[in-house]
Structures are given as C-alpha cells and as structure tokens.
Amino acid sequence: MKKIYLSLLLAAVAATAHAQWVRVWSAGDSERYAISETASIPYATSGSTLTIGSDTYSTADIDSITVVNPVTITWNGTSATVDIPDTAEGVTATISGGDVVINNTCTTIEHEFILTGSSSAGSLTYNGEYKTKFHLNGVSLTSTSGAALDIQCGKRIDLYLEDGTTNSLTDAAGGSHKAAFNCQGHLEVAGGGTLNVAGYTNHGIRSKEYLYLKQSVGTINVTAAVTDGIHCGEYFTMNGGTINISGHGSDGLQMEMDDSSDEADNGIFTMNGGTINVTHTSAGSKAIRADSTLAVMNINGGTIDIDMTSTATDSKGLVCDGDMNINETSATTTITIDVAGEGYLDDNDEKVRSTGVKCEDTITYDGGTTTINATGKYSRGMRAGTLIINDGTLTVKNTGTSSQGIKLDNTVVKNGGTVSASFKY
C-alpha cells in the first residue's frame with residue numbers, strides 16, 4: 001500500500017501548479033529533487049524500494065514525500081515582486097519599492113522562499129515562528145535602510161546557496177541593525193554557490209544561536225564589517241566549504257556561549273573540514289575566537305590560514321577561553337598563522353604582544369600540522385596554560401625583534417609528534 005501511495009503522489013506532481021521540487025523525508029531530514037519542465041519527476045519502484053535519480057530509498061524508511069510550492073521574491077532595480085502560491089498558508093507580503101517584508105503565521109509547514117534578482121535599494125525582512133528554508137538563487141541586495149536580509153525567526157533556518165550562483169548582501173551604513181545578514185534562529189547553510197557579504201553598521205553575518213555549515217557549502221566571503229565578520233551566539237560547526245573574512249573592525253569570526261541554552265554543542269567551536277582564511281588588521285582583537293571560559297575549540301580537519309598584518313597591533317589569531325584540541329579525525333588539518341603585527345611597551349614598560357594562538361587552559365595536539373611565524377616586534381607564537389603534544393607537527397618561528405616562541409603558564413607534556421619551538425615558563 002505504501003508503495004502504491006508513493007507512486008500516486010509522485011505521478012500527481014504534474015497537476016500541481018507552481019511546484020518546483022519534491023522532498024523525500026526520512027529520519028527528520030530531507031532530500032530535494034527538481035521537477036522537470038514537463039512537471040514530472042523520473043522515479044521507479046521495485047519491491048520495497050523507491051528510486052529517484054541515483055538515490056534509492058527503502059519505503060519503510062520514508063516518513064513522507066512533500067511537494068514544494070515555494071514563494072518567489074524577485075528584485076528588479078528599485079522594485080520587487082512576490083509570487084505567493086495558494087498553498088503557502090499564512091504567508092503575506094508588503095512591498096515598498098525594493099524593500100520586502102514577509103509575515104508568516106503558519107506553524108505547521110516548512111515554507112520555502114526563493115530569492116532572486118538584483119536591487120541597489122532592496123532588502124528582505126522575514127517574520128515567522130516556524131522552521132523555514134531560504135534559497136539564494138543569484139540575488140544581489142544593497143539596502144538603503146537597514147539589513148539586506150533580516151530573518152526574525154528563532155527556529156531552524158535552512159539557507160541554500162544554489163549551485164553555480166553568486167549572491168551578494170550589503171547593508172546600509174549607520175543604522176541600528178545587528179548585521180548585513182541577520183538571523184535570530186539556528187542557521188544551517190548548504191549548497192555550492194557563493195555568498196558575498198558586506199556590513200557597514202555592525203556584523204557582516206550574525207546568527208543569534210548556532211551557525212552550522214554542511215559539507216556541500218561553496219564559498220562565503222565577508223569583505224567588510226564594522227565589528228565582527230561572522231558572529232554566532234551558541235556554537236559554530238563547519239564541515240566543508242570556504243570562508244574568507246577581511247575588512248572587519250573587531251573579531252573575524254566570534255563564537256559566544258549562551259548560558260540559557262540547552263543545545264548539546266553550546267560553547268563548542270568545531271571544524272571538521274573546509275577552509276577558513278582571515279586577513280586580520282584589527283588592532284586589539286581576535287581573528288577567530290571562542291569566547292567563554294567554558295568554551296571548547298575542536299579542530300578535527302580542514303585548513304585555517306590567518307594573516308595578521310602589520311597594522312594588527314596587540315591582536316590575537318586563534319583564541320579559545322577554554323580548552324583547544326587539534327587533531328585529524330575528519331580530514332587533514334593544516335593551521336598557518338603569520339603574526340606580522342607588532343606589540344608595544346605599556347606604561348609600565350611591560351611588553352604587550354600580538355599572539356598567533358592563545359588558549360587560557362590546555363591545548364592538546366593529536367595530529368595536524370601547525371605553523372606559526374612571529375615576525376612582528378614583540379610578537380609571540382603561542383600562549384597557553386598547558387600544552388600536551390601526542391601527535392602532529394608544531395612549528396613556531398619567532399624572528400621579530402624581542403619576539404617569543406611559546407609562553408606557558410604551567411608546562412608542556414611531550415608524548416609524541418614533532419615540535420620545533422622555544423619555550424618560556
């Protein structure tokens with residue numbers, strides 16, 4: 001009976017107006033399949049399985065199949081249009097020139113929104129109380145009044161960077177909004193496209209709760225931010241893709257911890273793959289920061305490259321207020337930090353140093369290759385409470401005037417690996 005029902009549902013897609021995709025749901029997650037121009041989708045059933053394209057499902061594992069009728073928002077210069085299908089229950093739109101406000105009162109259906117087109121005076125504000133999906137499909141918005149994309153929803157927000165597309169979000173300068181791209185909920189990013197963000201009031205990208213990047217993510221470029229390039233409030237997880245951050249006035253990427261959150265990963269920075277490049281010129285701030293005394297930074301794979309240029313006085317590269325663990329459980333781990341920014345002598349003739357890696361508690365190396373070049377005056381390669389080295393390669397070169405290799409509050413425990421550095425206790 002279930003097989004017959006699935007077949008009838010897929011066959012009925014041809015009669016559904018506005019339909020763009022079907023979603024096959026299993027174990028709370030879904031896979032999206034595009035509907036062809038003939039309003040059909042190729043599929044086959046055999047025994048207790050359903051095959052769509054190259055994917056085969058056991059019908060016993062399928063929770064449901066849904067037909068997606070997305071809301072499409074299109075910008076054209078200083079104007080915008082919104083196409084709301086009849087099936088988009090609870091969705092209404094208000095348009096003023098290129099500024100669009102979407103209100104969604106539905107709390108039972110995950111509506112999907114496609115953003116496309118370009119506007120030099122456009123924005124989207126979304127208000128809702130249920131999980132929602134946004135597809136950036138070649139959209140370019142420059143706001144003249146506030147955030148370019150402001151998602152006022154505290155639930156899970158799925159953001160898709162459609163493959164092959166370039167998307168740009170730029171906010172207005174001098175406002176009171178929190179970011180050029182602001183999300184009040186849990187932000188999960190997928191899709192192989194490119195997202196360019198420039199923030200001229202506060203952060204570039206802000207997720208009030210967590211920020212989760214899936215393996216399929218393409219490239220995220222934050223080219224300007226008055227404060228943090230990327231700011232998230234609960235935890236940060238990266239499984240793939242590339243993040244490039246530059247032009248920020250405070251931290252490049254800051255992860256905080258929410259004391260009221262019951263999320264299992266609250267306060268944990270996790271990198272399982274992908275690449276983070278930070279060109280850091282902000283004096284007195286951090287390139288990548290896990291900000292809480294209970295924070296944990298787990299780098300299990302991927303590439304981190306931090307360039308702390310000559311103007312980054314008294315700055316820090318990779319910073320964790322708790323423990324830091326570096327290994328290669330997911331993929332090859334490569335960390336490179338160039339500390340060219342200089343320190344200075346304070347009023348008490350104490351050296352204030354720019355530092356490549358700073359960890360308040362314990363750094364544990366179980367793999368990976370870390371290279372720190374401290375070339376700035378008074379610069380320092382690493383500062384930590386305790387350093388434990390079980391495996392991997394750690395190289396710290398301090399060639400700047402009065403520079404320092406590794407400063408430890410406690411001790412170093414060498415159980416393996418390769419270490420090339422000078423130590424000070």
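All of the numbers you see were taken from the coordinates with simple rules; none came from a lab. Since the structure is predicted, the reported quantities are computational estimates derived from the model, not experimental observations. Here Cβ is always computed from backbone atoms with ideal geometry, including for glycine, and neighbour counts include all displayed protein chains.
Remark on LYS286: its backbone amide H falls under 5 Å from those of ASP251, GLY252, LYS316, a criterion applied only to residues 5 or more positions apart or on other chains, H modelled at 1.01 Å from N.
The phi-based Karplus calculation (6.51 cos²θ - 1.76 cosθ + 1.60; θ = phi - 60°) puts the 3J(HN,Hα) values of region 246-251 at 7, x, 8, x, 10, 6 Hz, whole numbers, x for Gly and Pro. Charged neighbours of VAL278, selected by a Cβ distance under 9 Å, balance to -2 (K, R count +1; D, E count -1).
For LYS155, the lysines whose Cα falls under 25 Å of its own Cα, not counting residues fewer than eight places away in the same chain, are LYS131, LYS133, LYS178, LYS208, LYS214.
Database remark: amide H of THR303 closer than 5 angstrom to the amide H of GLY274, THR275, ILE276, THR334 (H placed geometrically; neighbours at sequence offset of 5 or more, or on other chains; Pro and chain starts carry no H). Computed from the Cα positions only, the extents of region 71-232 along the three principal axes stand at 40, 34, 31 Å, in decreasing order. GLY417 sits among other residues whose Cβ lies under 10 Å from its own Cβ, and their net charge, with Lys and Arg +1 and Asp and Glu -1, is -1. Taking the longest Cα principal axis of the chain as reference, the axis of helix 2-11 is set at about 80 degrees.
Starting from the amide H of LEU213, placed 1.01 Å from N in the peptide plane, find each other amide H under 5 Å away whose residue is 5 or more places distant or on another chain. Under 5 Å from the amide H of LEU213: VAL189, THR237, MET238, ASN239.
Here the simple spin-label model places points 7 Å from the Cα toward Cβ, and for LEU294 and ALA44 these points are separated by 5.3 nm. Using the Cβ-Cβ distance between THR311 and ASN415 with R0 set to 30 Å, the FRET efficiency from 1/(1 + (r/R0)^6) comes to roughly 0.15. Shown here: the chain, whose C-alpha atoms stretch 76, 53, 37 Å along the first, second and third principal axes, sorted largest to smallest. Peptide packing: for 253-265, 317-329, the average count of neighbouring Cβ atoms within 10 Å per residue gives the ranking 317-329, 253-265, highest mean first.
Using R0 = 22 Å, the C-beta based FRET efficiency linking ASP259 and THR329 works out to 0.15.
The Rg/Rh ratio for region 58-132, using Cα coordinates for both the radius of gyration and the Kirkwood hydrodynamic radius, is 1.08.
What the Cβ-Cβ distance of GLU129 and ASP55 gives, at R0 = 35 Å and to the nearest 0.05, is a FRET efficiency of 0.65. Of all the options THR371, THR94, THR275, the one that moves most in a Gaussian network model of the chain with Cα springs shorter than 10 angstrom is THR94.
Cross-link partners for LYS414 among the lysines, with Cα-Cα distance under 16 Å and sequence neighbours closer than 8 places in the same chain left out: LYS424. Compared with the direct C-alpha span, the chain from GLU360 to THR393 gains 9.8 nm at full extension, assuming 0.36 nm per residue.
The relative contact order of the chain comes to 6 percent, based on Cα pairs under 8 Å that sit 6 or more residues apart. Within a straight-line Cα-Cα reach of under 18 Å, LYS316 can be paired with the following lysines, leaving aside sequence neighbours fewer than 8 residues apart in one chain: LYS286, LYS351, LYS358, LYS377, LYS397, LYS407. Averaging 1/r over each pair of different alpha-carbon atoms in region 268-425 and inverting the result gives 15.1 Å, the Kirkwood hydrodynamic radius. Extension gain for THR81 to ALA283 (0.36 nm times residue separation, less C-alpha to C-alpha distance): 68.4 nm. For region 205-218, putting each phi into the Karplus relation 6.51 cos²θ - 1.76 cosθ + 1.60 with θ = phi - 60° gives couplings of 10, 10, 10, 4, 10, 9, 10, 10, 9, 7, 4, 7, 4, x Hz, in residue order, rounded to whole numbers and with x for Gly and Pro.
Each residue, VAL352 and ALA27, gets one label point 7 Å from its Cα in the Cβ direction; the gap between the two is 5.2 nm. Each peptide among 113-119, 41-47 gets the average number of other Cβ atoms lying within 10 Å of its residues, and from highest to lowest they stand as 113-119, 41-47.
Could you tell me whether region 180-337 comes out rounded, prolate or oblate from its Cα gyration tensor? Rule is a ≥ b ≥ c as square roots of the eigenvalues, rounded for a/c under 1.5, then prolate if a/b exceeds b/c, otherwise oblate. Taking the square roots of the gyration eigenvalues as a ≥ b ≥ c, region 180-337 is rounded.
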